[in-house]
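Here the structure comes first, spelled out in structure tokens, and everything after it is commentary.
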Amino acid sequence: MRNVYPTHQTLSLTQARRIIDAALAHATAQEMNPITVTVMDISGHPLSCDRADGCATLRMPVAHGKARAALGYGVSSGTIGQRNESRPAFLSTVAAASGGEFIPVAGGVLILDSQERVIGAVGVSGDSSENDEKAAIAGIEAAHLSVGLAPKD
């Protein structure tokens with residue numbers, strides 16, 4: 001039978017679990033607050049999600065929204081927020097249009113394959129946005145994938 005799926009690299013469940021495990025380990029090593037980590041494929045479907053013991057209940061939808069924001073705009077969720085600081089009405093409109101699945105603060109990071117094509121995103125929530133992003137990056141790098149924060153100018 002012919003393979004009808006994309007011929008470029010896709011994100012596997014094994015890679016997603018490796019990202020999550022490494023992000024959680026990073027948070028523990030850095031003595032961060034308990035975090036939740038979501039990994040999504042290129043279509044925005046969650047591949048895997050996990051949370052540290054003691055993580056607050058709303059961290060899962062926030063992590064999800066950070067990853068969806070990165071996928072939806074093709075840059076990290078923190079970059080979206082920075083670029084649109086003077087446009088709160090725009091950010092609110094996009095959040096409403098996405099059904100709340102758009103959170104434009106740091107912690108949502110694109111996952112790139114070896115040819116720098118987007119294959120998914122990681123969303124992390126639980127500590128400061130800056131630390132959430134660092135945990136996401138640590139997870140991606142531990143899976144031997146590339147980090148996509150913003151397009152090269």
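The values are calculated or read from the model by the stated rules, or taken from the named source; none is laboratory data. Every value quoted in this text rests on a predicted model; they were computed, and no experiment measured them. Note: ideal-geometry Cβ built from the backbone for every residue, glycine included; neighbour counts use all protein chains shown.
Quick look at the numbers
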{"item": "Conditions (1) of a type in the set (S, T, Y); (2) within 23 Å of H144 (Cα to Cα); (3) free of Cβ contacts under 8 Å to residues at least 40 places away in the same chain; number of the one not met by T36", "result": "(3)"}
{"item": "Selection status of S86, surrounded by fewer than 20 Cβ atoms within 10 Å (Cβ to Cβ), out of contact with any Cys (no Cβ under 6 Å at 6 or more places or on another chain), in a loop (DSSP other than H, G, I, E, B) and not basic (K, R)", "result": "yes"}
{"item": "Number of positions in region 75-104 that are without any contact (Cβ under 8 Å) to a residue 60 or more places away in the chain and either within 18 Å of E141 (Cβ to Cβ) or in contact with a strand residue (DSSP E or B) (Cβ under 9 Å, 6 or more places away or on another chain) (or both)", "result": "3"}
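Per-residue answers, yes or no, for (1) farther than 17 Å from A138 by Cβ; (2) modelled with pLDDT of 95 or more:
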site: V4; (1), (2): yes, no
site: Q9; (1), (2): yes, no
site: Q15; (1), (2): no, yes
site: R18; (1), (2): no, yes
site: D21; (1), (2): no, yes
site: T36; (1), (2): no, yes
site: G44; (1), (2): yes, no
site: L47; (1), (2): yes, yes
site: R51; (1), (2): no, yes
